[in-house]
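Undergrad: Before I ask anything, here is the structure I am working with.
The values are calculated or read from the model by the stated rules, or taken from the named source; none is laboratory data. Note that this is a predicted model, so its numbers are computed, not measured. Here the Cβ is made from the backbone with ideal geometry for all residues, glycine too, and neighbour counts use every protein chain on show. The area values use the complete protein model at the heavy-atom level, side chains included, leaving out ligands, DNA and RNA. Shrake-Rupley method; radii C 1.70, N 1.55, O 1.52, S 1.80 Å.
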Amino acid sequence: MISVEGLKVEFGVKPLFSGAGFVVNERDRIALVGKNGAGKSTLLKILCGMQKPTDGTVAVPTDTTLGYLPQVMTLHDDTTVREEAKKAFADMAKMKERIDDLNQQLAERTDYESDDYLALVEKFTAEHERYMMMGADNYEADIERTLGGLGFKRTDLDRPTCEFSGGWRMRIELAKILLRKPDVLLLDEPTNHLDIESIQWLEQFLLQSAKAVVLVSHDRAFINNVCNCTLEISCGQVIDYKVKYDEYVVLRKDRREQQLRAYENQQKEMAEMRAFIERFRYQATKAVQVQQKIKQLEKIVPIEVDEVDTSALRLKFPPCLRSGDYPVICDDVRKDYGEQTVFDHATLTIKRGEKVAFVGKNGEGKSTLVKCIMGEIPFTGELKIGHNIQIGYFAQNQAQLLDESLTVFETIDNVAKGEVRLRINDILGAFMFGGEASDKKVKVLSGGERSRLAMIRLLLEPVNLLILDEPTNHLDMQSKDVLKDAIRAFDGTAIIVSHDREFLDGLVTKVYEFGGGKVREHLGGIYDFLRSKQIASLAELGASQGNKQATATQAAEPTAQSLQKQSYAEHKEQQKQIKKAEKAVAESENKIAKYESRLKELDDILCNPENASNMEYVTEYTDIKRLLDEEVDRWEQLSEELMRIGGLEN
């Protein structure tokens, strides 16, 4: 669908990359990875034709359509959400006009046997088929389905777009691109403004509906779930790994070790050449060999090694006061905006040292409760902040409070204390402010750069209650690892509002779910929460089955009228069958519970890297999963049998 050959991009003396060649085929889902500044966004712009390369070719067939979502775009606020989404079908409207015009030509002509007429028929048929394949008759339903998947309520669709935040308007732009159903989707950080449920919907859409995808994302779980190929930009090269991201990480580690060995061997060889040259430079008998060594040295192309691995860098929050045992206690907290209730009866207790997550769709009240805790907005109910609490708060608007007259380095130097001041450059490098970037003035930084700088400053302040609202939106994977390790080692308490499952995994021990005006507590990590949601929905199904079972059992109780219709012996036999069926159902339910419990234990065991390749555990997991599936099928059959026996008595 897209063929790239010999691609080269230069912005200065050194090219971003050169000699790049790869192909985007149908059903490819490609993750474009590399450190910030490597050229990922630039490559996407080149693929969609918005930017020209210095050299090389990008071949896109004329009938191939592209959909491009940039990180930042110009947004217009002159329509409703629905009307804005309808703009995605502007090409379809033009196509409809062409079809109507062709149809009119066919109606006016009478030369039915001529070649021109037959060619016109073929053109009309092709256009009409394409029009129907694009969903011409269902675009209203497509609009509602897509916007709903991205988090919009039906009541939102007729609201003006100007009433929504920038993040929600970016969702509208994403919806427009998806609705066009292009042959190739080029997405630059599509999950930055999405919550967990919207990300999961987008994952399913890209897997099931998209023809081909090339995307840039720092959401590790997202690209692992979506992508089957990884394209890395590193050391001025574009390397095509035909594997998923997790497998790429392993291959890349091996490749970097090979690079280091080759680099060390080359450095040793060059050092020996220089030593020979210096030793025999002025000896006439060695003049020829010296000149040969000099020429060899000049011809050597230095081996480059991937960017320095700073994963060993550790940040530690400075010492702070010990807080009370319960930093935050909410009891029946309620927040209304006019007639709209954001949440009601919100009751929660956060203990000292706990790391908790606030999750849920955007607009369900996560940031609102944070503002209540911060004392920024009024509410009803009781909310207590514990003794000796020092709050460190990060939200997107924190970035706007930075002193624009300072440089990046000065901003951090002003808050750094002790030995941390000796490591400022390392810390800045870990958050993508390495080299000359540390000398930039704050006033010239982009919104994302300001957010990262505000995050670094927060990490260096003495606090015992961290409240982070979407802290990872502008961080790459390495920066997120540094931040995650710092929070994990943090002695205080942390409340994290985030949609990033990979970031929350292994970090939080409790999840508060916001939705439907309620705040629900879930013990365990983020993946425990996601699994429990699925189990909860199955439990609802089980409950409905249980209701049917209860109804069947009630129906099995004899009435006077039924006893008149059957003999005592028949009734006694039927009761015996019912009890036997009920016992079989109960035994099956106990087996299912045991299998599910063991699967959860094995999940925890296999999540440990030491056990990941233990075939004994893997085999046991596979066997139990098979037994569980078989037992669930058996339970359904037994339940149906119980209902049938109970129904006979009526």
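Undergrad: With a 1.4 Å probe and all protein chains left in place, how much of the accessible area of the chain comes from carbon and sulfur atoms, in whole percent?
TA: Carbon-and-sulfur percentage of accessible area, whole number: 50.
Undergrad: Another question, then. Which whole-angstrom value gives the distance between the alpha carbon centres of region 338-388 and region 145-193?
TA: 27
Undergrad: Once the cut-off is 22 Å, how many percent of the Cα-Cα pairs in region 352-493 end up in the long-distance tail?
TA: Of all Cα-Cα distances in region 352-493, 42 percent exceed 22 Å.
Undergrad: Counting Lys +1, Arg +1, Asp -1, Glu -1, what net charge surrounds E127 among other residues with beta carbon under 14 Å of its beta carbon?
TA: Net charge in that neighbourhood comes out at -2.
Undergrad: Could you bin all the Cα-Cα distances of the chain into 10 Å bins starting at 0 and give me the percent of pairs in each, rounded to whole numbers?
TA: The percentages, shortest bin first, are 3, 11, 18, 21, 19, 13, 8, 5, 2, 1, 0, 0, 0.
Undergrad: Ok, one more. Computed over the Cα atoms of region 167-252, what is the ratio Rg over Rh, Rh following Kirkwood?
TA: We get a ratio of 0.98 for region 167-252.
Undergrad: Report, to the nearest 10°, how far helix 196-208 tilts away from the longest principal axis of the Cα atoms in the chain, using its own Cα long axis and a range of 0 to 90°.
TA: 80
Undergrad: Report the local net charge at L32: Lys and Arg +1, Asp and Glu -1, summed over other residues whose C-beta lies under 15 Å from its C-beta.
TA: +1
Undergrad: Tell me, what are the semi-axes, in whole angstrom and largest first, of the equivalent ellipsoid of region 241-383 as set by the roots of 5 times the Cα gyration tensor eigenvalues?
TA: Square roots of five times the eigenvalues give 67, 19, 13 Å.
Undergrad: Okay, moving on. Note the direction-averaged projected area, equal to a quarter of the hull surface, for the Cα convex hull of region 409-541, in nm².
TA: 9.8
Undergrad: For a 20 Å ceiling on Cα separation, which of these pairs sit above it: K355/K480; K371/K518; K96/K123; K335/K371; K351/K510; K351/K533?
TA: Result: K351/K533 exceed 20 Å.
Undergrad: Using every pair of alpha-carbon atoms in region 317-398, split the distances into 5 Å bins beginning at 0 and state the percent of pairs per bin, rounded to integers.
TA: The calculated distribution, bin by bin, is 3, 12, 23, 25, 20, 10, 5, 1, 0.
Undergrad: When the Karplus curve 6.51 cos²θ - 1.76 cosθ + 1.60 is applied with θ = phi - 60°, which whole-Hz ³J(HN,Hα) does each residue of region 489-500 get, with x for Gly and Pro?
TA: 7, 5, 6, x, 10, 9, 10, 10, 8, 7, 9, 8
Undergrad: If you fit an axis through the alpha-carbon atoms of helix 139-149 and take the longest principal axis of the Cα set of the chain, what angle between them do you get, 0 to 90°, nearest 10?
TA: Roughly 80 degrees between the two axes.
Undergrad: Let me have the 222 nm mean residue ellipticity of the chain computed from DSSP H runs of 4+ only, each contributing -39500 (n - 2.57), with the sum over all residues rounded to the nearest 500.
TA: -15500 deg cm²/dmol
Undergrad: Report the net charge of residues surrounding P61, where surrounding means a beta-carbon distance below 13 angstrom and charges are Lys +1, Arg +1, Asp -1, Glu -1.
TA: Neighbourhood net charge equals -2.
Undergrad: Also: Under 1.5 on a/c is rounded, so check that first for region 1-157, then, if it is not, pick prolate when a/b is larger than b/c and oblate when it is not; a ≥ b ≥ c are the square roots of the alpha carbon gyration tensor eigenvalues.
TA: Judged from the Cα gyration tensor, region 1-157 comes out oblate (a/c at least 1.5, b/c at or above a/b).
Undergrad: What is the distance in Å between the Cα centroid of region 112-133 and that of region 1-27?
TA: Answer, in whole Å: 39.
Undergrad: Related question: Rounded if a/c is under 1.5, else prolate if a/b beats b/c, else oblate: with a ≥ b ≥ c from the C-alpha gyration tensor eigenvalues square-rooted, which is region 95-228?
TA: Cα axes put region 95-228 in the prolate bin.
Undergrad: Relative to the longest principal Cα axis of the chain, at what angle does helix 90-108 sit, 0 to 90 degrees, rounded to 10?
TA: That helix lies at roughly 80 degrees to the long axis.
Undergrad: So which of K8/K40; K181/K211; K440/K484; K45/K443; K35/K299 end up more than 20 Å apart, counting from Cα to Cα?
TA: Checking Cα-Cα distances, K440/K484; K45/K443; K35/K299 exceed 20 Å.
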